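Novice: Quick one: structure below, then a few questions.
Here, each number is a calculation from the coordinates, and none is a lab measurement. Given the structure is predicted, the values throughout are model-derived calculations rather than measurements. Please note: Cβ atoms are built from the backbone with ideal geometry, for glycine as well, and neighbour counts cover all protein chains shown.
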Amino acid sequence: MHRASLIALRARHHDDTSHSDHVARLATTIFLGTLPAHKVSPLYLPALQAGALLHNVGFHEDPENHHLRGRDIVANEGLRGFTPLNLKPHELPTDHTHMVACIVAFHRKQVVPEAEPLWMALPPDLQETTLRLAAIVRIADGLDSDMEQTTRVIAVKGRRKPVVGVAGNRATLHHDIARAEKKADLWQSYIGPPPQIIVARRRNPWRPPVRRKDSVGESACIVLRGYLTQVTAAIPGIGSILSVKPRHDMRIALRRIRAGLRLYRFIWEETAYNELSRELVWFGGLLGNVRDLDITILWLDKMMTACPDDVREGLLRLRENAARRRREKLRRLLAGLRSARFSALLIRLDDWVARGTGAVHILPAAERVLGDEVRKVLARRARGILRYVGTVKESSSERQHALRRECRRLRYAVDAWYRVLGRERNDVLRALVNVQDALGDVHDADVRLSVWRESERDVAVKWLRKRCQLERMKAWKAFKNTWPELQKKLDERVIESLAEG
């Protein structure tokens, strides 16, 4: 989805962007949290987001019938950016625009899809998908019925009948909940039992709703479907210079997909696994090149707030050079994002994990019960970390990086299976994050020291190197303090208790 086309369309029609942006965020969170219930492919998330962003685009011109006016605006003026992501052989380029137009039309009033010509013209599978996406947008719109952007979705649990936890302004929260429940009629008609919307006390990050009794293959689809949704959710803002968060979110989601594939490697056919992994590495490399420069620029900005005056001009020069290189890498990333290769990657992932139709590549091990496999996998990951005890020295960058990688793999395994693990899971996660973060800070300092080499003539570089060396010493001290604690958390008895749930 090209964000620029949506921004221009909304500006031309004087849309209230604060409300629509909030509804899009709510809809995206609900979509991710209720995947097992609505079963819509993550590749249609851009259509959901566009429908949410444009649901009120006709309000300025016709408040009473703005859902119909908005439908006509979208259908007549069109949208760019959907086709490269997930156009299937039986789909036309206009189908996705018509899906968005129907979502806009169906976001309010009673929905009679058969009376909508645009909906009737869609292929049958897209008709059903459109109704399910519209059902999500209706609930999200209800949660901001007062248009004050105070109600937030902070937790979603459950599979067949999800429970959506919300928080916000006490004066309007219950009214928003009531409106969302009333607008859940479309969900009940085309998905199933509507979500139960409750007031929640604390924010819980999304974690895959797997169960111990699930087959390994079923749990793999649930885990990876969620991570694929997080990838597609970050696509619209990936080219932004003003905000680096979408690139950060996508990089984390891509890492989780790769970690998930590796976690379930024993159920994939080797050739198919290697092909998919290679494509993920390709796009992850394009993204990582930009993200590394994002981090460098943010760090230089931070340094300029504390540097002496005689250093500032040199830091500005280094920042301009980093920004120039980022623009070059960003152009390559966006070219990759719009390429047929990336489109094929998304469709391949979707075939594998979103609908389970990649079963041709799955070995008989997928029929095993998840609960029987958890202990073996966690124990193997823990041993991979503990073999570094006594071997990681302050100067051994390669071993530090390898240990950090092993910590990340176990962390992602605990995250993926969080809901079937024992109460030690939070302590283990905390210990893993502490070590991983400390080693990450050491690595970042080493990279900067290798980029900005010693120079007697460049005052800015000399000053930066001293700051890097101080930060490295601080990070190494943090590692020495946190590493023994992680070793305790990976004791065989702790892992056994963790795996028992």
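Novice: What is the set of long-range amide H partners of ILE154 at a cut-off below 5 Å, with H atoms built 1.01 Å from backbone N?
Specialist: GLY165, VAL166, ALA167
Novice: Can you compute 3J(HN,Hα) from phi for each residue in segment 39-55, using the Karplus curve 6.51 cos²θ - 1.76 cosθ + 1.60 with θ = phi - 60°, rounded to whole Hz and x for Gly and Pro?
Specialist: 6, 7, 4, x, 5, 9, 4, x, 5, 4, 5, 5, x, 5, 5, 10, 5
Novice: Note the angle between two axes, namely the Cα long axis of helix 216-234 and the longest principal axis of the Cα atoms of the chain, as a number of degrees from 0 to 90, rounded to the nearest 10.
Specialist: Result, in degrees: 80.
Novice: Another question, if that's okay. Do the sum for the chain: with -39,500 (n - 2.57) for every DSSP H run of n ≥ 4, divided by all residues, what is the mean residue ellipticity at 222 nm, to the nearest 500 deg cm²/dmol?
Specialist: -21500 deg cm²/dmol
Novice: OK, next. Of the options GLY158, LEU32, HIS60, report the single residue whose Cα projects farthest towards the positive end of the charge dipole of segment 3-199 (beta-carbon charges: Lys, Arg +1; Asp, Glu -1).
Specialist: GLY158
Novice: Tell me the label-point distance for the pair GLU320, LYS480, using the 7 Å Cα-to-Cβ offset, in nm and rounded to one decimal.
Specialist: The answer from the label model is 4.2 nm.
Novice: Starting from the Cα gyration tensor of segment 136-292, take the square roots of the eigenvalues, sort them a ≥ b ≥ c, and report rounded, prolate or oblate (rounded when a/c is under 1.5, otherwise prolate if a/b is larger than b/c, else oblate).
Specialist: oblate
Novice: Say each of ARG312 and SER397 gets a label point 7 Å from the Cα, pointing the same way as Cα to Cβ; how far apart are those two points in nm?
Specialist: The two pseudo-label positions are separated by 3.2 nm.
Novice: Right, another one. Loop by DSSP (not H, G, I, E, B), at most 10 other beta-carbon atoms within 10 Å: where is the longest site-free stretch of the chain for GluC sites (Glu not before Pro)?
Specialist: Counting at most 10 other Cβ atoms within 10 Å as exposed, the longest clean stretch of the chain is 65-453.
Novice: Follow-up question, since we're still on this one. Take the alpha carbon gyration tensor of segment 3-199, find the square roots of its eigenvalues, order them as a ≥ b ≥ c, and report rounded if a/c is under 1.5; if not, report prolate when a/b exceeds b/c, else oblate.
Specialist: Because a/c hits 1.5 or more and a/b fails to exceed b/c, segment 3-199 counts as oblate.
Novice: Related question: The list (1) 67, 46, 36; (2) 86, 52, 42; (3) 72, 59, 50 gives values of Cα extents along the principal axes in Å, and only one came from this structure; which label was calculated from it?
Specialist: Read-out from the structure maps to (3).
Novice: Now, a different point. Given the pairs LYS161/LYS489; LYS161/LYS183; LYS302/LYS329; LYS302/LYS489, which are separated by over 24 angstrom at their Cα positions?
Specialist: Exceeds cut-off: LYS161/LYS489; LYS302/LYS489.
Novice: Another question about this same structure. If you filter segment 108-212 for trypsin sites (Lys or Arg not before Pro), then keep DSSP loop positions with at most 12 other Cβ within 10 Å, what is left?
Specialist: For trypsin sites (Lys or Arg not before Pro) across segment 108-212 that sit outside H, G, I, E and B with at most 12 neighbouring Cβ atoms in 10 Å, the list reads LYS109, ARG160, ARG201, ARG202, ARG203.
Novice: Which percentage, to the nearest 5, of the DSSP beta bridges contained in segment 3-199 is antiparallel?
Specialist: Once the DSSP bridges in segment 3-199 are tallied, antiparallel ones form about 55 percent.
Novice: I would also like to ask the following. Under the classification rounded if a/c is under 1.5, otherwise prolate if a/b is larger than b/c and oblate if not, where does segment 369-501 fall, given a ≥ b ≥ c as square roots of the Cα gyration tensor eigenvalues?
Specialist: Verdict is prolate for segment 369-501.
Novice: Can you run the Rg to Rh ratio on segment 160-215? Use alpha carbon positions and the Kirkwood inverse-distance Rh.
Specialist: Across segment 160-215, the Cα-based Rg/Rh ratio is 1.05.
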